[in-house]
1. Considering only residues of region 256-270 that are part of a helix (DSSP H, G or I) and modelled with pLDDT of 90 or more, which is surrounded by the fewest Cβ atoms within 10 Å (Cβ to Cβ)?
2. Of a type in the set (D, E, K, R), in contact with a Leu (Cβ under 8 Å, 6 or more places away or on another chain) and in contact (Cβ under 8 Å) with a residue 12 or more places away in the chain - does that describe any residue in region 287-309?
3. Out of 297, 312, 246, which single residue is hydrophobic (A, V, I, L, M, F, W, C) and over 16 Å from residue 359 (Cβ atoms)?
4. May I ask you to verify whether residue 218 is in contact (Cβ under 8 Å) with a residue 60 or more places away in the chain and either within 30 Å of residue 77 (Cβ to Cβ) or part of a strand (DSSP E or B) (or both)?
5. Identify, by number, the condition in (1) touching a strand residue (DSSP E or B) at 6+ places or on another chain (Cβ under 8 Å); (2) within 21 Å of residue 199 (Cβ to Cβ) that residue 267 doesn't meet.
6. What residue, among those in region 64-79 that are crowded, with 21+ Cβ neighbours inside 10 Å and more than 17 Å from residue 296 (Cβ to Cβ), is farthest from the chain's Cα centre (by Cα)?
7. Kindly establish whether residue 260 is of a type outside the set (Val, Ile, Thr), closer than 26 Å to residue 125 by Cα and not assigned by TED's automatic domain parsing to the domain that holds residue 87.
Amino acid sequence: MDFGFTEEQELLRAEVRKFLDASCPLSEVRRIAEAGDGLPAELWKQVAELGWLGLTLPEAHGGAGLGWVDLVVLLEEIGRSLFPAPLLSTTLAGAAIAAAGSPAQQAALLPRLADGSATGTLALLEGDDRLGPEGVALAGRAEDEAVVLDGEKLFVHDAGAATLFVVPFRSAGELALAVVERDADGVVAEDVPGIDLTRPTGRLRLDGVRVASDAVLAAPEGAEAALERILDLAACGVAAEMVGAAEAALQLTVGYAKDRVQFGEPIGRFQGVKHPLAEMYVDVESVKSLVYYAAWALDERQPDASLAASRAKAYATEAFARIGLDVVQLHGGIGYTWEYDAQLFLKRAKWARPAYGDAPFHYERVAAHGGL
């Protein structure tokens, strides 16, 4: 059995790396993040033209029709560069519509996400901070062949940039999924200050927002099953970004350990430095294996796909948190400074830790899916 990536996937990786190195190195990432205006429109247009936004969407709707394993290749490189684009959020919104939308809804919405004319995100969490169907309390009331939503969604990734939100709600007590447009009356979406400027997070307020019946996703397999599938994809996707970021942080620190001289020797020769670096390498390689298997299981809809996705996110969360701290510590005092890049990876680790479920949440899922 071949456990490696295909030639086409490695070519995709090389092309993504080449584009990001040329168009958005860390210096540009810093500039975009500190400006607070989001990704430049021209760069987002280029990303769409490269086919990244529609990588996993059906070809009939402007996508490439590839799988989650192919997306992992892309997301690793996105994470390695700390690319400040709402790509994962848009991809997950598209996955939700593809999983729960009717053919007509898919035809109306997915091409907009694939060509970059719409930017999507998931609006899942509410005040009690419970992820999944049991955490959805937002109630929709029927009114003249529409559903009216009043409430708030919190910790919405890329809320300020999104033009389209996938919003779980309750209709007569039953879970449902709606697509809410940013320009609808009563919609207020804004980013709030956060630790990682490259990954904005905000809130979505819904004040008497009317959602037409054709904007409530059909969810043929049921809204709960669709939401669980979306959570699995989200966990795998953010874990893939974490792999790339953690590996880049390790490479940055290895380079510093070779260059920094103390007591007449590069500090990488000392056990107190090289042992943590070795442990970081083991963690990165372990997370890779879990993420790659989870992506394959999700593509193939294996019975253990949810288990695999949660296992990957749980371990990635713990490993990247350790790596983020070690990277700063091994850089000494310079690691804490704004001018040096080490702190960027620590902040990304802090952002990623609760994104689509922290380690305890996913370990509980592992236990549940494992029959414990």
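The values are calculated or read from the model by the stated rules, or taken from the named source; none is laboratory data. Nothing here was measured: the structure is a model prediction, and the numbers come from that model. As a convention, Cβ positions derive from the backbone with ideal geometry for all residues, glycine included, and neighbour counts pool all protein chains shown.
1. Our first condition is that a residue be part of a helix (DSSP H, G or I); within region 256-270, this holds for 256-259, 267-269.
Of the ones still in play, those that are also modelled with pLDDT of 90 or more are 256-258.
Numbers: 256: 21, 257: 19, 258: 12.
This residue is 258.
2. Taking region 287-309 and keeping what is of a type in the set (D, E, K, R), we get 288, 299-301, 304.
In the following step, the residues that additionally are in contact with a Leu (Cβ under 8 Å, 6 or more places away or on another chain) were identified as none.
Scanning region 287-309, I find no residue that is of a type in the set (D, E, K, R), in contact with a Leu (Cβ under 8 Å, 6 or more places away or on another chain) and in contact (Cβ under 8 Å) with a residue 12 or more places away in the chain, so the answer is no.
3. Details: 312 fails: over 16 Å from residue 359 (Cβ atoms); 246 fails: over 16 Å from residue 359 (Cβ atoms).
Sole residue among the options that is hydrophobic (A, V, I, L, M, F, W, C) and over 16 Å from residue 359 (Cβ atoms): 297.
4. Numbers: in contact (Cβ under 8 Å) with a residue 60 or more places away in the chain: yes; either within 30 Å of residue 77 (Cβ to Cβ) or part of a strand (DSSP E or B) (or both): no.
It is false that residue 218 is in contact (Cβ under 8 Å) with a residue 60 or more places away in the chain and either within 30 Å of residue 77 (Cβ to Cβ) or part of a strand (DSSP E or B) (or both).
5. The number of the failed condition is (2).
6. 77
7. On the way: of a type outside the set (Val, Ile, Thr): yes; closer than 26 Å to residue 125 by Cα: no; not assigned by TED's automatic domain parsing to the domain that holds residue 87: yes.
No; evaluated as a whole, the condition is false for this residue.
To keep it simple, each residue is scored yes or no on (1) of a type outside the set (Phe, Trp, Tyr); (2) part of a loop (DSSP other than H, G, I, E, B); (3) closer than 14 Å to residue 125 by Cα.
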position	(1), (2), (3)
152	yes, no, yes
178	yes, no, no
184	yes, yes, no
188	yes, no, no
